[in-house]
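The values are calculated or read from the model by the stated rules, or taken from the named source; none is laboratory data. As the structure is a computational prediction, the values presented were derived from the model and not from experiment. Note: ideal-geometry Cβ built from the backbone for every residue, glycine included; neighbour counts use all protein chains shown. Surface accessibility is based on the protein's heavy atoms, side chains included, excluding ligands, DNA and RNA. Shrake-Rupley method; radii C 1.70, N 1.55, O 1.52, S 1.80 Å.
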Amino acid sequence: MEAVRQPPVTLSVVLVSFNTRDLTLRCLEHLYSLELPSQSEVWVVDNGSQDRSAEEIQEAFPRVQLLRNESNQGFSRAVNMVLQRCAGRFALLLNTDCFPEPGALRELLNVMETSPRVGIAGGLLLHSNGRPQNCFGRAPTICTELLPKALLEFLWPSRFPSKRRPPAAPLEVESVLGAFLMVRREAWEEVGLLDEGYFFFMEETDWCVRMRKAKWSVLHVPKARAIHLQGSSAKGQGAAARIEFYRSRYRFFSLHRGKTATATLKCGLVLKVLWNWFFSGLLGRLPFSSGGFWQDRHRVDTRILMWHLRGCPQGWGLDRRCENP
């Protein structure tokens, strides 16, 4: 008897959860309220949460394909676990603090299905009050990291696209944010998975750069709108999250910009860190300032400065795959 052939899966949705139980449950409820493609699957990777996230997800959403890690393996490794297992022609990376508007997924799918050389498409991210967020633009360079972005966008608007001049139609860009990002299977199979050397931050930027080097297009799709509660996944991490962001920037530059650019970036950012440390320490001592805020800020700045002065050691950020000092 001939086996019944299963219809192909159009879309695999990927969420990564780490101690964000309520937010993840809310995101899943919202996701299932949308008009998903008839052939779709939803995956959640729980990165060693201690808040019963996995148990409650499994109970509330039995249709979800749940993968569980014993510890936090980082965003890239968690997403790759799904990309190695999922069946979709396209995969949607969706942050647990991101809530697409009705029709947003269809906008991304339409672009991917009608433009076969688009490897990645990212939607428009909005604050809860409707203000646009920075969700697309140029890949980082020395100029973008050390000079005011607003100045660059004002002087060279065609080279530095910005949320201040939102496009009306899909726009080819150098990078998009990974909070609401769709990727084509043929593209990730050719280019490779996310770089697991990034624990958190900039892994999608690295992916976009590699896609473009392989002649795949990266698009920003403004009609694919989503509310993004920016920073919720790293909320409460303080200095650790900021150190991880610095580490990711340095990794990106070492891989894509060369040794000279990386050394220049480190020198420039250390000077910025030193100024922030001095400024927050000064304001924390002034009687008319919000002393508590600036004292907390100074403690964070001190930690970041010490991390740089000690040679950017492993274990000071969010990555706990190595021992903390």
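Restricting attention to the stretch 37-95, the residues that are of a type in the set (A, V, I, L, M), crowded, with 20+ Cβ neighbours inside 10 Å and not in a helix (DSSP H, G or I) add up to 7. Determine whether N95 is modelled with pLDDT of 95 or more and within 30 Å of Q50 (Cα to Cα). Criteria met by N95. Looking only at the stretch 150-190, residues that are farther than 28 Å from E113 by Cα and hydrophobic (A, V, I, L, M, F, W, C) come to 6 in all. Residue count for the stretch 18-36, restricted to those that are of a type in the set (A, V, I, L, M) and part of a loop (DSSP other than H, G, I, E, B): 2.
Among the residues of the stretch 165-186, some residue qualifies, meaning at least one is surrounded by fewer than 18 Cβ atoms within 10 Å (Cβ to Cβ) and under 30 Å from T20 (Cα atoms).
Scan the stretch 199-210 for residues that are modelled with pLDDT of 95 or more and open to solvent by less than 30 Å² (accessible area, probe 1.4 Å) and the total you get is 8. The helices (runs of 4 or more DSSP H) found wholly in the stretch 211-325 and carrying at least 3 residues that are open to solvent by 30 Å² or more (accessible area, probe 1.4 Å) and at pLDDT below 95 occupy 259-285, 291-309. Restricting attention to the stretch 104-145, the residues that are in a loop (DSSP other than H, G, I, E, B) and either among the basic types (K, R) or surrounded by fewer than 18 Cβ atoms within 10 Å (Cβ to Cβ) (or both) add up to 12. Which of the residues spanning the stretch 15-25 are free of Cβ contacts under 8 Å to residues at least 40 places away in the same chain and either within 18 Å of L105 (Cα to Cα) or basic (K, R) (or both)? The answer is R21, and nothing else. Just the residues that are part of a loop (DSSP other than H, G, I, E, B), closer than 30 Å to A87 by Cβ and of a type in the set (A, V, I, L, M), please, taken from the stretch 146-201. Result: V173, L177, A179, L193, L194.
Residues in the stretch 133-174 that are among the β-branched types (V, I, T) and under 19 Å from I120 (Cβ atoms): V173 alone.
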